[in-house]
1. What is the sum of charges around Lys35, taking Lys and Arg as +1, Asp and Glu as -1, for the other residues whose C-beta is under 11 Å from the C-beta of Lys35?
2. Heavy-atom accessible area per residue, region 19-92, 1.4 Å probe: how many Å²?
3. At q = 0.13 Å⁻¹, what is the base-10 log of I(q)/I(0) for region 19-92 according to the Debye formula with one equal point scatterer per Cα and no solvent? Please give it to two decimals.
4. May I ask you to evaluate 6.51 cos²θ - 1.76 cosθ + 1.60, the Karplus curve with θ = phi - 60°, for each residue of region 48-58 and list the ³J(HN,Hα) values in order in whole Hz, giving x for glycine and proline?
5. Using only protein heavy atoms and a 1.4 Å probe, report how much of Leu17 is accessible, in Å² to the nearest 10.
6. Please get the size of the charge dipole for region 19-92, origin at its Cα centre, with Cβ charges of +1 on Lys and Arg and -1 on Asp and Glu, quoted in debye to the nearest 20.
7. Hey, can you grab everything whose amide H is under 5 Å from the amide H of Gln45? Only 5+ residues off in sequence or another chain; H modelled, so Pro and N-termini drop out.
8. For an R0 of 30 angstrom, estimate the FRET efficiency from the Cβ-Cβ distance between Asp52 and Thr89 and round to the nearest 0.05.
Amino acid sequence: MAAASAVRVAGRRSRRLFDIFVAEVPWTVSSKELKEYFSQFGSVQRCQLPFDKDTGFHRRYCWIKFSTPQDVQNVFQKDSHILEGAKLTLKQQTRRRRSQRKNQSE
C-alpha cells in the first residue's frame, strides 16, 4: 500500500510545471511560434495564449510552461527576447496553492 502511495507522489512531481509569464507579445505571433521559440531553452510543455472573446485577438500575453526549473533558468540567462521585432517582457511566475490564494483574499 505504501509503495502505491509513493508512486502516486512521484507521478505528481513529474507532472509539475514551471511557468514564465510573457508580456508584450506581438499580435502576429501565434502560440505555436511562441512554443517553437522557447523550446530552444528547454522542454516546453504548454503555451497558454488567452484570447479576447470580443475582438478575437489574443491579449498580448501568455504563460509558457516548462518541465524543469533548469529550463526556466536557461530562458533568463539570455538578456533579451525579441520576436518579430518586439522585445518580450518576461517574469518568472510563482505558483501558489489555491488555499493560499483564498487566505490572501479574505
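1. Summing Lys and Arg as +1 and Asp and Glu as -1 gives +1.
2. Per-residue value: 60 Å².
3. -0.34
4. Coupling constants for region 48-58: 9, 10, x, 10, 8, 5, 6, 8, x, 9, 6 Hz.
5. Leu17 has an accessible surface of roughly 30 Å² with all protein chains in place.
6. Taking the Cα centre of region 19-92 as origin, the dipole is about 120 debye.
7. For Gln45, whose amide H was placed from the backbone, the distant partners under 5 Å are Lys65, Phe66, Ser67.
8. For R0 = 30 Å, the calculated efficiency reads 0.95.
The values are calculated or read from the model by the stated rules, or taken from the named source; none is laboratory data. Nothing here was measured: the structure is a model prediction, and the numbers come from that model. No Cβ is skipped: glycine too gets one built from the backbone with ideal geometry, and neighbour counts run over all protein chains shown. These area figures cover heavy atoms from the full protein model, side chains too; ligands, DNA and RNA do not enter into them. Shrake-Rupley method; radii C 1.70, N 1.55, O 1.52, S 1.80 Å.
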